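To start, the structure itself, in structure tokens.
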């Protein structure tokens, strides 16, 4: 794992096709030279998944490339404007796993039902391709998290004494619901599986089902936590594997003990104790990274918060981020043919004015809500079109429908608050 200090370095993530009888390392040696030549003569955009065209396949070996992603430091102070200005490239080759997510089930002692305890993915997974690029936050937020995770893993690989330099490899993302915290954790794990492949041949993502583990049979919850971490420890034994453990809505398992009343079941405290003990146990292994999310960070036990190396707030998108989200959704609907794709319409002043109004009036909404609006707008428009999958909506009409859907959402939210 190399430490790159130059801001003129470009990371090149190359997704390749799986060819019978070919190992990834063999494809890498065939591709890298021709790909360097292509990058030196053709200007490709940053932070955008690029599908190479037929004219790019001057070398036969490039035909096994599915897509290319170029990334560099934030382009400020006259930094890189294109890959052609790079001092050097850092190549990361991978092919996405097609293995489906596996659901781990635990039987309770009562044996009346099985409890879904965790979900397990082998990364990089086809399910998460493009997720990192489509998550839009304030500039640099995602990159800071990636740098932290890489530094944490580098410290563990160098066997830095944690009693001298503390690093628990635990990231906590907190903030209001719907801001993409869980998706960001999954995207980060996917990113690490690509960037860390020289060290870790395999990457596992294990998402703990917090609500299921806090069983309605209170006496069993602590035991379920112990059983799950025993399973995780089995995977950790393979030192060639990176194991990312995602604890979604961690407050369900790590509720602040000093806030518990005398009426709280003793098992609630046992669960917190069991979780903290197991986290301390698995951090002894250098190939583990803990990712946690919370909508209610002020209810999390202080001992858990103290273990978190970074506590990153993920807030609601600002107006610039909202506009980028809307632009990405419109581009996607144009790509699939739901909205008419017409460059003259896209540059129209009315279209620009509607988008600006939509972005301004959307302030205060979560990314999850924003991404539902195109569907709601289309549903309102569908009555007037034939279901032949060929009918397209022009952009100004669709943006008008989006504004109507936005106002309807705000009205519904207001009525729900009144009825509480």
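Scanning segment 318-348 for residues being at pLDDT below 90 and out of contact with any helix residue (DSSP H, G or I) (no Cβ under 8 Å at 6 or more places or on another chain) gives a total of 3. Residues in segment 367-377 that are part of a helix (DSSP H, G or I), free of Cβ contacts under 8 Å to residues at least 60 places away in the same chain and surrounded by 14 or more Cβ atoms within 10 Å (Cβ to Cβ): 5 in all. Being closer than 27 Å to residue 142 by Cβ and in contact with a helix residue (DSSP H, G or I) (Cβ under 9 Å, 6 or more places away or on another chain) is the filter here, so list the residues in segment 35-44 that pass it. Those that are closer than 27 Å to residue 142 by Cβ and in contact with a helix residue (DSSP H, G or I) (Cβ under 9 Å, 6 or more places away or on another chain): 35, 38, 39, 42, 43, 44. At positive phi, over 26 Å from the mean Cα position of the chain (by Cα) and not in a helix (DSSP H, G or I), is that true of residue 364? Taking the combined requirement at face value, the residue does not satisfy it.
Would it be correct to say that residue 351 is part of a helix (DSSP H, G or I) and either buried (at least 18 other Cβ atoms within 10 Å of the Cβ) or in contact with a helix residue (DSSP H, G or I) (Cβ under 8 Å, 6 or more places away or on another chain) (or both)? Yes.
The single residue among 48, 111, 79 that is modelled with pLDDT under 95, surrounded by fewer than 13 Cβ atoms within 10 Å (Cβ to Cβ), part of a loop (DSSP other than H, G, I, E, B) and touching a helix residue (DSSP H, G or I) at 6+ places or on another chain (Cβ under 8 Å) turns out to be 48. Within segment 196-211, the only residue that satisfies the criterion of being part of a helix (DSSP H, G or I) and either surrounded by 20 or more Cβ atoms within 10 Å (Cβ to Cβ) or outside the structural domain of residue 227 (by TED's automatic domain parsing) (or both) is 210.
Scanning segment 232-263 for residues that are surrounded by fewer than 15 Cβ atoms within 10 Å (Cβ to Cβ) and out of contact with any helix residue (DSSP H, G or I) (no Cβ under 9 Å at 6 or more places or on another chain) turns up 234, 237, 238, 239, 240, 261, 262, 263. Is there a residue in segment 331-340 that is closer than 16 Å to residue 207 by Cα and without any contact (Cβ under 8 Å) to a residue 12 or more places away in the chain? Among the residues of segment 331-340, not one is closer than 16 Å to residue 207 by Cα and without any contact (Cβ under 8 Å) to a residue 12 or more places away in the chain, which makes the answer no. Checking the structure you have, find out if any residue of segment 89-106 is assigned to a helix (DSSP H, G or I), in contact with a strand residue (DSSP E or B) (Cβ under 8 Å, 6 or more places away or on another chain) and modelled with pLDDT of 75 or more. Within segment 89-106, not a single residue is assigned to a helix (DSSP H, G or I), in contact with a strand residue (DSSP E or B) (Cβ under 8 Å, 6 or more places away or on another chain) and modelled with pLDDT of 75 or more. When each of 293, 277 is tested for being assigned to a helix (DSSP H, G or I) and closer than 30 Å to residue 237 by Cβ, the lone residue that passes is 277. Taken as a whole, the condition of being in a helix (DSSP H, G or I) and either on the phi < 0 side of the Ramachandran plot or at pLDDT below 85 (or both) does not apply to residue 43.
Taken together, 126, 147, 142 contain a single residue that is crowded, with 17+ Cβ neighbours inside 10 Å and over 16 Å from residue 243 (Cα atoms), which is 142.
The values are calculated or read from the model by the stated rules, or taken from the named source; none is laboratory data. The shown structure was predicted, so the numbers you read here are calculated from the model rather than taken from an experiment. Virtual Cβ from ideal backbone geometry, glycine too; neighbours counted across all protein chains shown.
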